[in-house]
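Comments concern the structure below.
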Amino acid sequence: MIGLLVNLVSAWLLKDDHSHHHGHAHHQVQDHDHGHDHDQDHDHGAAATRGGDRDNNLRAAYLHVLADALTSVLAIAALLAGRSYGWVWLDPVIGIVGALVILSWSWGLLRDSGSVLMDYLPDHEDLPAEVRAAIESEHDEIVDLHVWQLGPGHHGAIIALKSTRPEPVAAYRARLRHIDELSHVTVEIHPA
């Protein structure tokens, strides 16, 4: 019972952090002007997980204490039923039910964490398209673009572009200021 109380208090504390953990992007843009020639044109990206701007570390801790609380409740119920009604079989059945619930939660967490690690970009994520729309013009063409997740709500981007009229890197950075998710951007300019 004491363990259940500790888990409920911990879940309540983590629920508050888990629910209200929203990051604000800061434009810490590094400027690079390299002489590389990138003739590839492809987008890579990482999502902020399927649920938006969730922090998988906080989510894992939250699910862990919730699972502990759930198994405590189930174990207490099974033990009381075993003592009151002689249902000794209920304890192992409840153990299996608890394991299946924890397995389900774990699978979702593993899937979302794996998506971040594999630079998965869901279909609803339009960040590369937003970057292209902001940068490309009649004089500037993106020839290589890589977008990835740095943390919840924060993305990085490497942009290599060819330009018939190159502008200072600060001008390209200014075109991206409205995209709040970009926290770190590297720009490579290649005169055409």
Selection of trypsin sites (Lys or Arg not before Pro), the range 141-192, meeting DSSP coil and at most 11 other Cβ within 10 Å: Arg177
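How would Thr71, Thr164 line up from fewest to most surrounding beta-carbon atoms within 10 angstrom? Can you show the working numbers first?
Working: Thr71 20, Thr164 11.
Result, fewest neighbours first: Thr164, Thr71.
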Give me a comma-separated list of calculated 3J(HN,Hα) values for the range 143-154, in order, Karplus coefficients 6.51, -1.76, 1.60 applied at θ = phi - 60°, integers in Hz, x for any Gly or Pro. 9, 7, 9, 10, 10, 8, 7, 9, x, x, x, 10
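We did not get these values from a lab; they are worked out from the coordinates using the rules stated. Keep in mind the model is a prediction, meaning the values are calculated, not measured. All Cβ positions, glycine included, derive from the backbone under ideal geometry; neighbour counts span all protein chains shown.
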